[in-house]
Amino acid sequence: SEPPAAAPKAIAEAVGDERTLKVQVISLKRDSPATVALELTLLNTSTEPGSIDLSQRFASAVPDRGTLADVYLAVTGANQARKLFVLRDGQERPDTSSDLTTLEAGQRRVVRARFPAPPEEIHELEVHVPLVPVMKVPIS
């Protein structure tokens with residue numbers, strides 16, 4: 001059988017308020033002149049059986065449930081403060097991983113979201129994930 005895939009290396013990480021959800025930033029990169037792509041790993045670090053409900057964790061609006069709609073990026077410093085929200089398609093669906101339901105103890109899930117790109121001179125953004133401390137992350 002195949003060996004388990006190695007976990008991607010994190011460039012930033014933080015632990016959620018409930019202490020059992022670890023959020024790792026795997027990459028934040030310009031994937032076009034107009035957009036940046038964020039890749040995260042969600043990890044349930046609990047040693048007790050049980051799951052974390054992700055369906056409403058990152059999206060408060062009912063139509064967005066199961067997505068990363070409430071995750072955002074922020075440009076800070078140099079006399080500017082601006083929030084970059086998840087891009088949406090023509091039907092107003094968030095351009096993120098979807099069908100997020102539960103994360104069982106010990107389980108890991110890689111998720112993605114796309115945002116409008118900041119100006120070229122911006123090389124670092126804050127990643128804001130609900131109920132998780134802010135992470136400052138370089139753009140690659």
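The values are calculated or read from the model by the stated rules, or taken from the named source; none is laboratory data. Keep in mind that what you see is a predicted model, and the values were worked out from it rather than measured. So basically every Cβ, Gly included, is an ideal-geometry build from the backbone, and we count neighbours across all protein chains shown. Note: accessible area is taken over every heavy atom of the protein model, side chains too, but ligands, DNA and RNA are not part of it. Shrake-Rupley method; radii C 1.70, N 1.55, O 1.52, S 1.80 Å.
A Förster distance of 22 Å, applied to the separation of the beta-carbon atoms of Ile11 and Ser32, puts the FRET efficiency at 0.60. For segment 11-60 versus segment 106-127, the spacing of their alpha-carbon centroids is 11 Å. Amide H to amide H distances under 5 Å link Ala12 with Val25, where only residues 5 or more positions off or on other chains count and H is placed in the peptide plane. Build a GNM of the chain with springs between Cα atoms under 10 Å apart, and of Glu121, Glu39, Glu18 the one that fluctuates most is Glu121.
For segment 38-124, report the accessible area per residue in Å² (1.4 Å probe, heavy atoms, rounded to an integer).
The answer is 55 Å² per residue.
Along the Cα-to-Cβ line of Thr102, 7 Å from the Cα, sits a label point; which residues in segment 51-86 have backbone N less than 13 Å from it? So the set is 51-55. How large, in percent, is the carbon and sulfur part of the accessible surface of segment 48-130 at a probe radius of 1.4 Å? Result for segment 48-130: 47 percent of the exposed heavy-atom area is carbon or sulfur. Among Val127, Val75, Val86, which one shows the highest mean-square fluctuation when the chain is modelled as a Gaussian network with alpha-carbon springs under 10 Å? So, out of Val127, Val75, Val86, the one fluctuating most is Val75. Note on the chain: with a GNM built from Cα contacts shorter than 10 Å, the maximum mean-square fluctuation among Asp17, Asp95, Asp64 falls on Asp17.
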